[in-house]
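Written out below as structure tokens is the structure these notes cover.
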Amino acid sequence: MSEGNSIQSLGDAFRGLSFVRLKRAVRLGVRSLWLHRLRSLLTMLGIVFGVCSVIAMLAIGEGASFEAQEQIKNLGSQNIILRSVKPPEEQKASDKGSQSYVLQYGITYTDIKRIRATIPGVTVVLPARNIRDYVWNISRRMDCELFGTVPWYPEMRNHRVAEGRFFTDNDMDQRKSVCVLGAEIAPVLFPIESPLGKHVRVGGNYYQVIGIMEPRTVVAAKDPGAEANKSALPRMYIPLETARLRYGEVLMRRRQGSFEAERVQLHEVTIKVAALENVIGVAEAIKEVLERNHKKKDYMIDIPLEMLRQAERTKQIFNIVLGSIAAISLLVGGIGIMNIMLASVTERTREIGIRRALGARRRDIIVQFLVETVILSGAGGALGVLLGVIIPFVVSYAAGMKTIITFWSPVLAFGISALVGVVFGIYPAIRAAQMDPVEALRHE
Amino acid sequence: MRHSPQTMPAPIVQFENVRKTYRMGLVTVEALRGVTFEIQAGDYISIMGPSGCGKSTLLNLLGCLDRPTSGHYRLGGEDVSQMNDDALSAVRGARLGFVFQSYNLIQQLTVVENIEIPLYYQDRPEQQSRALARRMAARVGLEARLEHKPFELSGGQQQRVAIARALVNEPLVILADEPTGNLDSTSGTEVMRLFDELHEQGKTLILVTHDPGVGQRAHRTIRLRDGEIESDVRR
Ligand SMILES: Nc1ncnc2c1ncn2[C@@H]1O[C@H](COP(=O)(O)OP(=O)(O)OP(=O)(O)O)[C@@H](O)[C@H]1O
Ligand SMILES: [Mg+2]
């Protein structure tokens, strides 16, 4: 009759529990739950929502972070990307509209030389210039970014050519007027025919189309600010030397009756670090070199690896938050179940007394009530898993978001919900088993 | 069991100076103050006495629902007075049958399922227990009510279900606490006729009652007063 006794009988409850007896207990449990259908359903809902929200949120989170990581990986985890940015002070000066003002900023060829000379472990450097202009095919027009770069751009940035080819060293050396179109441009400028071998016009110059790139995943980077907007433009790739020849280093831009000129040597430089573990160190060194040589902060350093780590950290935090929400909702669900089971035990005191008088041992009573709780939470868990698997599909379909259901999330959620049943079922079951048969029989 | 003709058969129930004391804080209630008696197989006994004299207490002890504070209780030759809870449950399930004043059927189960309960806890095969339960229902005249729920039956019918349930495990002793207490005189008589029949078939019956008419039908009456046996009369 002591507490220790009942704990021991709890242990005994499952020893010598035959399959037949368990099957009967399950049938009995289902029946008694079915008798109070609405109550059972409402009790289950806590677990259903807990489990389903965990799986659905995990799937959505996993999908989002997968996409982000994919995009970052496309930048190359061994790469360091330098971008030229207009320093904020200059921005203001140019806003005043002072005439014949030549703004000089950004990363220079000298910077690259310095980096190459002073920092070991830097293998390939991918410089790029971009010029914003309209690209024409006869009467069709598109606002694009001319991206002057080097022949090894595709392999270095994991951005492949879908059709045709990228330009070669030969094209570069001879400053040929060739171009490779971004995936977004081709269908707009050449809706019917294949653009390969055709010409497009930019200003007064014609470029022969030699290739089309695969679609580019746009990095959802937050900090590069204005640059990020610019990089959202469709790109047309031309040899860097051709770009230098055509555009020099000074860019003219007309603004409300005044001219604004910008002198930028390189808009973007990608530096590949030989060893992955050196990426952060090299980035620090580059930062130092640039700081020493630039009076103003007219450049940005993006480190995809760091962004990747950041994304992983964000995901980790997300998972912790999610885990806590899940734990709380399952706890609440569990408390709900326990509450109902306690009420049910009180309500069925007489039944317990009858069963005890007719030969039920304590452990039989424990099993009876525990099986009921486990059925409740197990069914709730199963329903939750079902909903939790369906919801991400609906979200993907309706909102176009990528969702990923990892194998372990439904398994874990279901397991935990079943465990909740056991944990929160034990106390009511012990309460039931502890009852004195004589008292229980006398209960009204 | 085989007995030599000279010796008396061993008693089914032996009570030896059994005491039961309830403690309620500082107050102790002596519900039974040293009760000694024996019951032979086939006895038909009524336990009578004024309210509060300890009849129910005695019956609970006889039914292994409770343990005596002191003294010994042998059931079928086995001392059950200090058995643990599990062993007592097993004894109740295998050797005792209960009939209560308020029937004590489980409301959500059907008649036949109610009758089966004692077999359920003895792990009898389902078909066997179902067949036995049907036979017991037939014996109390309820073969047409097998799938009914208790609330669909009259009080007398419910009590007959309870009697069938008390019979299903072939108990050594059937214990009844005021079995006619909730019944009108017609169904009360009906239930008592059933008890008489069971006695004729050789069952051992112990019933607690207030009703002298009911008490008279038994062949032996134990009268209690203030937790002691006042008289023990055979007819
Ligand atoms: N659980 C208990 N706790 C404390 N005292 C009890 C308990 N059960 C019975 N008693 C006391 O023991 C005495 C005998 O009670 P019991 O129920 O055996 O009487 P009874 O003869 O069955 O009475 P009645 O004819 O009214 O049913 C009474 O004084 C009662 O108050
Ligand atoms: Mg009584």
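Just a few scattered comments:
- Any pair with Cβ under 9 angstrom, 6 or more apart, that starts in region A:113-127 at a residue that is in a strand (DSSP E or B) and ends at one that is among the acidic types (D, E): A:L126/A:E268; A:P127/A:E268
- Considering the conditions (1) within 13 Å of ligand 1 (Cβ to nearest atom); (2) small (G, A, S); (3) closer than 26 Å to A:G359 by Cβ, B:G49 is excluded by exactly one of them, (3).
- Within region B:178-229, tally of residues that are in a strand (DSSP E or B) and more than 16 Å from ligand 1 (Cβ to nearest atom): 2
- Restricting region B:180-211 to residues that are under 26 Å from B:G34 (Cα atoms) and within 16 Å of ligand 2 (Cβ to nearest atom), the residue that is farthest from the other protein chains (Cβ to nearest Cβ): B:D211
- The listed residue being aliphatic (A, V, I, L, M) and either touching a residue at least 24 places away in the same chain (Cβ under 8 Å) or more than 28 Å from B:I222 (Cα to Cα) (or both), out of B:V91, B:V80: B:V91
- Residue pairs meeting the criteria (Cβ under 8 Å; at least 6 apart or on separate chains; first touching a residue at least 40 places away in the same chain (Cβ under 8 Å), in region A:357-372; second of a type in the set (V, I, T)): A:I365/A:I352; A:I366/A:I430; A:F369/A:V345; A:L370/A:V422; A:L370/A:I426; A:V371/A:V26
- The residue pairs whose first member lies in region B:27-52 and is at negative phi, whose second member is in a loop (DSSP other than H, G, I, E, B) and among the aliphatic types (A, V, I, L, M), and whose beta carbons are closer than 7 Å, counting only pairs six or more residues apart or on different chains, are B:I39/B:I12; B:Q40/B:I12; B:A41/B:I12; B:Y44/B:A218; B:I45/B:A218; B:S46/B:A218.
- Looking only at region A:403-444, and only at residues there that are part of a loop (DSSP other than H, G, I, E, B) and touching a Phe, Trp or Tyr at 6+ places or on another chain (Cβ under 8 Å), the one that is farthest from the other protein chains (Cβ to nearest Cβ): A:I404
- Failed condition for B:S51, given (1) within 16 Å of ligand 2 (Cβ to nearest atom); (2) modelled with pLDDT under 95; (3) buried (at least 16 other Cβ atoms within 10 Å of the Cβ): (3)
- Residue within region B:213-235 that is under 27 Å from B:L32 (Cβ atoms) and in contact with a His (Cβ under 6 Å, 6 or more places away or on another chain) present: yes
- Every residue from region B:20-48 that is surrounded by fewer than 15 Cβ atoms within 10 Å (Cβ to Cβ) and of a type in the set (V, I, T): B:T21, B:V27, B:T28, B:V29, B:T36
- Elements of type helices (runs of 4 or more DSSP H) in region A:240-359, at least 2 residues being modelled with pLDDT of 85 or more, within 14 Å of chain B (Cβ to nearest Cβ) and surrounded by 14 or more Cβ atoms within 10 Å (Cβ to Cβ): A:349-357
- Any hit, region B:160-177, residues being surrounded by fewer than 20 Cβ atoms within 10 Å (Cβ to Cβ) and over 19 Å from B:G93 (Cβ atoms): no
The values are calculated or read from the model by the stated rules, or taken from the named source; none is laboratory data. This is a predicted model, so every value here is computed, not measured. With ideal geometry, Cβ positions are generated from the backbone for all residues, glycine too; neighbour counts draw on all protein chains shown.
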